[in-house]
1. Going through GLY242, GLY255 one at a time, which residue ends up being among the small types (Gly, Ala, Ser), farther than 28 Å from ASP77 by Cβ and either touching a Leu at 6+ places or on another chain (Cβ under 6 Å) or surrounded by fewer than 17 Cβ atoms within 10 Å (Cβ to Cβ) (or both)?
2. SER368 fails exactly one of the following numbered conditions: (1) in contact (Cβ under 8 Å) with a residue 12 or more places away in the chain; (2) closer than 19 Å to GLY252 by Cα; (3) out of contact with any strand residue (DSSP E or B) (no Cβ under 7 Å at 6 or more places or on another chain); (4) open to solvent by 70 Å² or more (accessible area, probe 1.4 Å). What is the number of that condition?
3. Taking interchain pairs and intrachain pairs at least six residues apart, which have beta carbon atoms under 9 angstrom, with the first residue in the range 293-310 and of a type in the set (S, T, N, Q) and the second open to solvent by 50 Å² or more (accessible area, probe 1.4 Å) and in a helix (DSSP H, G or I)?
4. Checking the structure you have, find out if any residue of the range 67-78 is part of a strand (DSSP E or B), in contact with a Cys (Cβ under 9 Å, 6 or more places away or on another chain) and among the hydrophobic types (A, V, I, L, M, F, W, C).
5. Based on what the data block shows, is PHE359 surrounded by fewer than 22 Cβ atoms within 10 Å (Cβ to Cβ) and within 30 Å of VAL193 (Cα to Cα)?
6. Tally time: how many residues in the range 331-350 are farther than 20 Å from ASP243 by Cβ and touching a strand residue (DSSP E or B) at 6+ places or on another chain (Cβ under 8 Å)?
7. Note down all Cβ pairs under 8 Å where the first residue falls in the range 34-50 and is exposed (fewer than 14 other Cβ atoms within 10 Å of the Cβ), the second is assigned to a loop (DSSP other than H, G, I, E, B), and they're at least six residues apart or on different chains.
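The values are calculated or read from the model by the stated rules, or taken from the named source; none is laboratory data. Everything quoted here is computed from the prediction, not taken from an experiment. Cβ: placed from backbone, ideal geometry, glycine included. Neighbour counts: every protein chain shown. Protein only, heavy atoms only, side chains kept; ligands, DNA and RNA dropped before computing areas. Shrake-Rupley method; radii C 1.70, N 1.55, O 1.52, S 1.80 Å.
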Amino acid sequence: MEEYIVKDGKKLRLGYTTGSCAAAASKAAAWMLLTGRHKETIQINTPKGITLNLGVQQISMEDDFVSCAIEKDSGDDPDVTKGSLVFAQVSRTETPGITIDGGQGVGRVTKRGLDQPVGAAAINSVPRQMILENLEEVCRLTDYHGGLSVVISVPNGEELAKKTFNPRLGIVGGISILGTTGIIEPMSEQALVDTIRVELRHRRANGAEYVLLTPGNYGSDYIQKEIGIDPKTAVLTSNFIGDALDICKELGFRGALLIGHIGKLVKIAGGMLNTHSKYGDCRMDIMAAHAGAAGLSSSKMEEMLDCATCDDAIRILKECDLCTQTLDRISNRISFIMDHRVAGEMKTGAILFSKEYGFLSETKDARSLLKLITEE
């Protein structure tokens, strides 16, 4: 792939996701199966709007199926799956429609709350949709009206998965097929922090004394739909919550309110002010510890530690009527950590929510800060 972006003055090459590989391999295999003709390259459009022309490898054409592979290229972004082959085997079926499943090296979901249901292959929604759309296109072009079965596999996926959080999340036997845009953009941490600084400086220069922060799109959606204010009011911090607080203090803001999904913000209660998963995943440990202090039984704590998502952990708290007490404890700890980071030189607050349960909890100064922000 020869698409680039420039970050920190460096030219960085874009890559493409395992989802794009799976869709491209599926399209190539379906084309060869339904036309009987060899295919050396395949073209797909990604949700990002970038068209990929990819080389097709290890083609195996049989009477009843075709298998081929696409090599994963993550560009200049470090990625454990870089260079791996993502295979698709496509065969005709008597039943109309397109079925998608995982084979060797593609994980299986064993815990609730993930993108796919328990028992399904860990092929996320966007890659599934990409595969479906590309196969439907091939069926239209070849005037084929029967069914197709697609099996995605990654021969070294089980070994690669040991280097990811998949085992902890309850995805066993391999990697996940991922990607929401189909494209991988190399991330420069310094460039992101510099962007946060520029936006905060702009707000301060225009007279703002209080600022709304949120890690990303989930927070922006919540701010718009549940609080009813323009999401552009918020400064996006990504994972760099500690850096954002440092900059707020440096620029002389009088207060900062952080609104975010519990999956991010619960990490702050454990002292993690860079919430990227590469620095650790302590979500269930923190929730179980506070739940235990609130009275959760040891057996339920063990169940919580085995949860894959915060929503599933909240389900246990609700079943045991300990949700409010536990989340209040977590919010108090978040308040302590944020106040400590800014050395008491400004007010801080946080509001926690989840996609499934909506509002969950808030710190003591959250409502007053929200009022001050909306009045400015």
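1. On the way: GLY242 fails: farther than 28 Å from ASP77 by Cβ.
Residue meeting the stated conditions: GLY255.
2. (4)
3. That search, which allows pairs on different chains as well, returns nothing.
4. Narrowing the range 67-78 to residues part of a strand (DSSP E or B): 67-71.
Subset that is in contact with a Cys (Cβ under 9 Å, 6 or more places away or on another chain): 69-71.
Applying the additional criterion that residues be among the hydrophobic types (A, V, I, L, M, F, W, C) yields 69-70.
So far as the range 67-78 goes, yes, one or more of its residues are part of a strand (DSSP E or B), in contact with a Cys (Cβ under 9 Å, 6 or more places away or on another chain) and among the hydrophobic types (A, V, I, L, M, F, W, C).
5. Details: surrounded by fewer than 22 Cβ atoms within 10 Å (Cβ to Cβ): yes; within 30 Å of VAL193 (Cα to Cα): yes.
Judged against the criteria, PHE359 is a match.
6. Residues flagged as farther than 20 Å from ASP243 by Cβ and touching a strand residue (DSSP E or B) at 6+ places or on another chain (Cβ under 8 Å) within the range 331-350 amount to 1.
7. Cβ pairs passing all conditions: GLU40/VAL56; THR41/VAL56.
Here's the yes/no breakdown for (1) open to solvent by 20 Å² or more (accessible area, probe 1.4 Å); (2) among the acidic types (Asp, Glu); (3) under 20 Å from the mean Cα position of the chain (by Cα); (4) under 19 Å from ILE373 (Cα atoms):
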site	(1), (2), (3), (4)
THR164	yes, no, yes, no
GLU185	yes, yes, yes, no
ILE196	no, no, no, yes
ILE223	no, no, yes, yes
